[in-house]
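Mind having a look at this structure? Questions to follow.
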Amino acid sequence: WVRLHRLCSWVMHSRLEPMKGFARMVRRRFAEIVACFGHPYADAVLEGADGVIRNVRRRARGFRDMDHFAAMIYLTCGRLDLKAVTTT
């Protein structure tokens with residue numbers, strides 16, 4: 001992270017105003033930038049779950065009850081083996 005600070009310092013001493021604006025933004029958001037690289041998860045997992053939920057909503061064309069909607073999401077995302085369920 002030292003290199004990023006050095007780069008921002010160097011850019012702030014340059015004559016390139018657009019780059020100075022970028023360096024100011026990096027300095028303001030430095031904690032968030034560092035946290036992003038330190039976090040072990042990516043947004044891909046959340047984007048995938050969002051896609052599945054949107055697909056469930058589109059297939060159902062609207063649920064009257066949020067409990068039914070949540071149950072359908074769990075059934076879709078849970079990868080349950082429904083063949084193993086037997087009725088007695």
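No lab work stands behind these numbers, since they all come straight from the coordinates. This is a predicted model, so every value here is computed, not measured. Glycine also receives a Cβ, built like all others from the backbone with ideal geometry; neighbour counts cover every protein chain displayed.
Peptides 44-50, 2-8: what's the order by average Cβ count within 10 Å, highest mean first? Provide the component values of the computation, followed by the final result.
Working: 44-50: 10.0, 2-8: 11.6.
Packing order, densest peptide first, comes out as 2-8, 44-50.
Rounded to the nearest 500 deg cm²/dmol, what is the calculated helix-only ellipticity per residue at 222 nm for the chain, with -39500 (n - 2.57) per DSSP H run of length n ≥ 4?
Details: 5 runs with 62 residues, N = 88.
Result for the chain: -22000 deg cm²/dmol, rounded to the nearest 500.
Next up: Mind checking which of 13, 71, 51 is farthest towards the positive end of the chain's charge dipole, using Cβ charges of +1 (Lys, Arg) and -1 (Asp, Glu) about the Cα centre?
The listed residue farthest towards the positive side: 13.
Under the Karplus relation 6.51 cos²θ - 1.76 cosθ + 1.60, θ = phi - 60°, what is the ordered set of whole-Hz ³J(HN,Hα) values for segment 74-81, x standing for Gly and Pro?
Couplings: 4, 5, 6, 7, x, 6, 6, 8 Hz.
Taking the chain as the reference, fit the longest principal axis to its C-alpha atoms, fit the long axis of helix 43-60 to the helix C-alpha atoms, and give the angle between the two in degrees, 0 to 90, nearest 10.
Its long axis makes an angle of about 40 degrees.
Per residue Cα convex hull volume for segment 43-84, in cubic angstrom? Spell out each step's value before the answer.
Values: hull volume 3.3 nm³, N = 42.
Hull volume normalised by residue count: 78 Å³.
I'd like the chymotrypsin sites (Phe, Trp or Tyr not before Pro) in segment 1-49 restricted to DSSP loop residues with at most 15 other Cβ atoms within 10 Å, sorted by number. If you can, show how the numbers build up before the last one.
Numbers: sites: 1, 10, 22, 30, 37, 41; in loops: 1, 41.
Filter output for segment 1-49: 1, 41.
Given a 10 angstrom Cα cut-off, can you work out which residue in 58, 15, 27 is the most mobile in a GNM of the chain?
Judging by the Gaussian network model, the answer is 15.
Return the inverse of the average 1/r over all pairs of distinct C-alpha atoms in the chain, which is the Kirkwood hydrodynamic radius, in Å to one decimal.
Numbers: mean 1/r = 0.0568 Å⁻¹.
Kirkwood hydrodynamic radius for the chain: 17.6 Å.
Same structure again: How big is the dipole moment of the chain about its Cα centre under a simple scheme where the beta carbon of each Lys and Arg is +1, that of each Asp and Glu is -1, and everything else is neutral? Debye, nearest 20, please. Mind showing how you got there, number by number?
Working: 16 positive and 8 negative charges, 94 e Å.
I would put it at about 460 debye.
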